[in-house]
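The values are calculated or read from the model by the stated rules, or taken from the named source; none is laboratory data. Just so you know, these numbers come straight off a predicted model, no measurement behind them. Cβ atoms come from the backbone with ideal geometry, glycine included; neighbour counts cover every protein chain shown.
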Amino acid sequence: MSSLVKTRFAPSPTGYLHVGGARTALYSWLFARKNADNGKFILRIEDTDQVRSTAESAAGILSDLQWLGLNWDEGPVVGGAKNEYFQSMRLDLYNKHLAELLAKGLAYEAYESTAQLTAMRQAAEKEKRAFRYRRDMPGRQLAAQEGVKPVVRFAMPYKDITVNDLILGNVTVTGSEHDDIVIRKSDGFPTYHFAVVVDDHYMCITHVLRAQEHFMNTFKHIGLYEALGWLPPQHGHLPLVVNADNSKMSKREKAKAVRAEIQKAGIKDFTDLAAKSGLGLKDLQDFMAKKTDAVEFAVKLAPLLGPVSSGGLKLPEIDVQDFRRSGYLPEALLNFVALVGWAPGGDREIVSSQELLDLFSLDGIQKTPGRFDRKKLAWMNGEYIRKASLDRLLEVLEQFNAVTDYPIKKADRSVQREILTMYQERMVTLAEMAENARFFFEEPTMDPKAVEKFITKNDGRTFLQSAQAILSAVGGPWSKDNIAAPLEQVLALGEKRGAAAQPIRVAISGNSVTPPLLETLALLGRETTLVRMAKALAM
Ligand code: GLU
């Protein structure tokens, strides 16, 4: 029997779940789940940052993990004492161990004000040396000051510390490179460094898999484990997730995309845009001057830019929420994300969750950044859609509808089923399908180029007139069976089938790409079909 493996995912609820975070969660989940009965996966919410943490963000992270199917054995919602998995509810425990370190002289109060610390940092910079706060350094503030709440710092040992990282290997930081980190902030809350050590210990975590940006923190954490007399878990640091151009995949990209679009449109006076978006002029000016990359600003501006009639500028997907709203399948996103920085061996790309469990091992994780290739994700999503059963597609459509507002949301299940059947072979994402299928529910937006090419020029009108005459004579109910033959008759009028089909497509949907015509007309209904043809003829 293998020994117990306990992993955890420990997000800070300061925003939505980034796909990079989802990958950390996935690897931790896979590593635990591989160990069948002996593996446990824990979810812990690290909300010690009083200012930036929000309940809304925590709820969003939970919902995204659930959507991805990354279930946890212990954590919020699961089990009885769910609050235990929010760090803000564990202050007594942290304080107990802080007191212990203080009593042993392994931690101490520090009294500098923010301004004093800044000055010390600047002085070090001027002398071209790294600023390291150490208890024996000259110039420390040795007594409490009025109006400055002390922090508690950890007396980091003056010795070399080696981390045996499961992915990066052995790395040593020498004693002279450490600093005495803050472990209790002036607001009385522990810092991340302290809480993470206490919690990983108390939650009996055996393996910590987390982002590479935390690697250098691990040395501090090892120091703390030693001081507290605990054995550290094993650590493995995961490669960064980068864009195709190697830039970091960050929330900033939404702001970047919006700025680029505003520049492209040549907008120099922002008054109008500010008014329409509901942003203050000053905020918008700051945004354009790159003083802020606020995602909320980008989200407000995007609908006013780009192809406004179909929802405006599409922002790059960064968070799991974004991919949900774009209509990616959770199984496709998981498969894709698993391969960003890990390879199962061979050229395999489509790997089911079960196969991931069978194949996953830390050996396959690369040290260098993993590339997030959006084209590959889109391809993969299409593959998953084609393979999915209709029942599964209906299920994911329901989840998609819960976070979006396309007209298909209000359609009957039977209609949704028919639309999914029509688009299954051709869609890349559910959002693309929902957008293209708008014409079933609302008046189509006519694409002027398509109208000109297929209706007003060439023989469009002639075909449309014949189609109208033939189809309005269909007897009995407007069903596929009853319209199949008349439609064939219409299509046979053109030298090529497309010649007669295209004007009909444009008339009913606004452009020349639709699902198969017979199914489309049947679903659209007699009246809508004929009215739209009449309208097109009048153009
Ligand atoms: N709360 C930390 C973060 O979100 C977790 C780091 C860790 O896993 O230790 O980055």
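If I filter the range 475-482 for residues that are under 22 Å from THR421 (Cα atoms), of a type in the set (Ser, Thr, Tyr) and either touching a residue at least 40 places away in the same chain (Cβ under 8 Å) or in a helix (DSSP H, G or I) (or both), do I get at least one hit?
Yes.
Count, please, the residues in the range 477-530 that happen to be at pLDDT below 95 and among the hydroxyl-bearing types (Ser, Thr, Tyr).
2
Pairs only if they're at least six apart or on different chains, beta carbon under 8 angstrom, first in the range 291-302 and of a type in the set (Asp, Glu), second not in a helix (DSSP H, G or I); list them, first residue then second.
From the range 291-302, the pairs are ASP293/LYS251.
Only one of LEU339, LEU304, LEU315 is within 20 Å of SER28 (Cα to Cα) and in contact with a Lys or Arg (Cβ under 9 Å, 6 or more places away or on another chain); which? It would help to see each step written out before you state the result.
Details: LEU304 fails: within 20 Å of SER28 (Cα to Cα); LEU315 fails: within 20 Å of SER28 (Cα to Cα).
When all the criteria are applied, what remains is LEU339.
Just give me the residues in the range 34-79 being crowded, with 17+ Cβ neighbours inside 10 Å, among the hydroxyl-bearing types (Ser, Thr, Tyr) and in contact (Cβ under 8 Å) with a residue 24 or more places away in the chain, in sequence order.
Scanning the range 34-79 gives THR48, SER53, SER57.
Could you list, in sequence order, all residues of the range 336-355 that are at pLDDT below 95 and part of a helix (DSSP H, G or I)?
Listed by number, the residues that qualify are SER353, GLN354, GLU355.
Would you check which residues across the range 303-324 are more than 26 Å from VAL241 (Cβ to Cβ) and either free of Cβ contacts under 8 Å to residues at least 12 places away in the same chain or among the basic types (Lys, Arg) (or both) and list them?
PRO303, PRO307, VAL308, GLY312
List pairs: first in the range 187-215 and charged (D, E, K, R), second modelled with pLDDT under 95 and part of a loop (DSSP other than H, G, I, E, B), Cβ under 7 Å, 6+ apart or cross-chain?
Hits for this filter: ASP187/GLN50.
Quick check on ASP37: is it on the phi < 0 side of the Ramachandran plot, within 12 Å of the ligand (Cβ to nearest atom) and modelled with pLDDT under 95?
So ASP37 fails the test.
Determine if the range 85-100 includes at least one residue that is more than 16 Å from the ligand (Cβ to nearest atom) and either of a type in the set (Gly, Ala, Ser) or modelled with pLDDT under 95 (or both).
Yes, some residue in the range 85-100 is more than 16 Å from the ligand (Cβ to nearest atom) and either of a type in the set (Gly, Ala, Ser) or modelled with pLDDT under 95 (or both).
Which residues, taken from the range 15-27, are at pLDDT 95 or above and either closer than 14 Å to LEU62 by Cα or more than 9 Å from the ligand (Cβ to nearest atom) (or both)? Write out each step before concluding.
Keep residues of the range 15-27 that are at pLDDT 95 or above, which gives 17-27.
Those that are at pLDDT 95 or above and either closer than 14 Å to LEU62 by Cα or more than 9 Å from the ligand (Cβ to nearest atom) (or both): LEU17, HIS18, VAL19, GLY20, GLY21, ALA22, ARG23, ALA25, LEU26, TYR27.
Identify, please: which residue in the range 193-202 is within 12 Å of TRP230 (Cα to Cα) and of a type in the set (A, V, I, L, M, F, W, C) and is, among those, farthest from the ligand (Cβ to nearest atom)?
For the range 193-202, the residue satisfying everything is VAL198.
For the range 105-118, indicate whether the set of residues that are within 16 Å of the ligand (Cβ to nearest atom) and surrounded by 14 or more Cβ atoms within 10 Å (Cβ to Cβ) is non-empty. If you could, list the steps in order and put the result at the bottom.
Residues of the range 105-118 that are within 16 Å of the ligand (Cβ to nearest atom), as a first pass: none.
No: the range 105-118 contains no residue that is within 16 Å of the ligand (Cβ to nearest atom) and surrounded by 14 or more Cβ atoms within 10 Å (Cβ to Cβ).
Of the residues GLU56, GLU46, which single one is more than 16 Å from the ligand (Cβ to nearest atom), under 19 Å from the mean Cα position of the chain (by Cα) and among the charged types (D, E, K, R)?
Details: GLU46 fails: more than 16 Å from the ligand (Cβ to nearest atom).
One residue alone meets the criteria, GLU56.
May I ask you to say which residue of ALA536, ALA507, ALA499, ALA492 is over 30 Å from LEU329 (Cβ atoms), crowded, with 20+ Cβ neighbours inside 10 Å and more than 40 Å from the chain's Cα centre (by Cα)?
Testing whether each residue is over 30 Å from LEU329 (Cβ atoms), crowded, with 20+ Cβ neighbours inside 10 Å and more than 40 Å from the chain's Cα centre (by Cα) leaves just ALA536.
Consider THR174 against the criteria (1) within 21 Å of LYS6 (Cα to Cα); (2) more than 13 Å from the ligand (Cβ to nearest atom); (3) free of Cβ contacts under 8 Å to residues at least 24 places away in the same chain; (4) not aromatic (Phe, Trp, Tyr): it satisfies all of them except one. Which criterion is unmet?
(1)
How many residues are within 30 Å of ARG374 (Cβ to Cβ) and among the charged types (D, E, K, R) if we restrict to the range 253-283?
The total comes to 8.
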